[in-house]
Amino acid sequence: MKILVTRPEIDQQQTIKALETLGLEGIASPVMEIVPLPFSLPDDIWQALVVTSRNGLRMVAVDQLERLKGLPLYCVGNRTADLARALGFAKIVVIAPNVAVLKRRLIAEMDPQKGGILYLAGKVRSGALDAALLAHGFSISLCEVYESRPLTGFSAAVCEIIRSGQLDGILLYSQRSCRLFLSLVEKTGLSEHLHSAIFYCLSPAVALPLERLGYPLVVAEAPNERSLLACVQNGHN
């Protein structure tokens, strides 16, 4: 069973190894790449650090980390929390399943009068977290530390796998990656070869671009990779 993994290259191997443990073959085919952006930390004092992706932490230099490790950390995802612990963060206050939950927790639990919030983010982001916090009176130091740039095509090997009907499934982790994948499929003229493959989506929001296209579709019960891979395993069995 061949499963296409559309995550950026930096995250590919963990997913491919997880598929291997299930007896499945993961095919690496990222639809975007993670590119560091130049940034400097403002000379401020913050009451908390907010990170919605592991990439926010990956882009921080060692000397910058020393300034941040003592801050209470509010993050999205267990993988982000695991990386934070490995980097020496000891005060992980909230591990939210998604940005919407993180937003509610920050607004409910934090006091705008107790200091600003440092938000390490991507240039393209969803959830309008910074705007919501500003609207509730928080002072936000927004640092755009990376950019997710679209790739321009599939490899020849991936095109052949799709064209020959060997592909059994596609893993999609964000609505943007779903749109980019569909755009590449149309660009390469492969749309008609995907109707026997199952699109496995991390959440209903990820699946939105697939509505009315007629592709087989499965949405994970929870927005995490464990739940997503459980769907793949169930399909395999």
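What follows is calculated from the coordinates using simple rules that are stated; it is not laboratory data. No experiment lies behind these values; they were computed from the predicted model shown. Virtual Cβ from ideal backbone geometry, glycine too; neighbours counted across all protein chains shown.
See the values below:
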read-out: Rounded tilt (10° steps) of 9-21 against the dominant C-alpha axis of the chain; value: 60
read-out: The range 1-153: radius of gyration over Cα atoms, expressed as a fraction of 2.2 N^0.38 Å; value: 1.12
read-out: Under-5 Å amide H pairs with V219, H placed in peptide plane, nonlocal only; value: C201
read-out: Helix-only [θ]222 nm of the chain, DSSP H runs n ≥ 4, -39500 (n - 2.57) each, per residue, nearest 500; value: -10500 deg cm²/dmol
read-out: Ranked list, fewest to most other Cβ atoms within 10 Å of each Cβ, for V158, V101; value: V101, V158
read-out: Of L120, A48, T80, farthest towards positive along the dipole that unit charges on Lys, Arg, Asp, Glu beta carbons give the range 34-149; value: T80
read-out: Bins of 10 Å, starting at 0 and running to the largest distance - Cα pair percent for the range 80-230; value: 9, 30, 30, 19, 10, 2, 0
read-out: Two-site label geometry, K187 and S40: point separation in nm, points 7 Å out along Cα→Cβ; value: 3.6
read-out: Amide H partners (placed H, <5 Å) of I92, local residues excluded; value: L73
read-out: Under the Karplus curve 6.51 cos²θ - 1.76 cosθ + 1.60, θ = phi - 60°, whole-Hz ³J(HN,Hα) for the range 131-147, x wherever Gly or Pro sits; value: 5, 5, 5, 4, 5, 9, x, 7, 8, 10, 9, 8, 10, 7, 9, 7, 10
read-out: Beta bridges per DSSP with both ends in the range 23-171, % antiparallel, nearest 5; value: 20
read-out: Phi-based couplings in Hz for the range 104-110 (Karplus 6.51, -1.76, 1.60; Gly and Pro marked x); value: 4, 5, 4, 5, 6, 9, 10
read-out: Gain in span if fully extended, S196 to A156, counting 0.36 nm per residue against the direct Cα distance; value: 12.4 nm
read-out: Amide N proximity, the range 73-89 versus E109 label position 7 Å along Cα-to-Cβ, cut-off under 18 Å; value: 73-85, 89
read-out: Long-range amide H partners of G116 with built H, under 5 Å; value: Q47
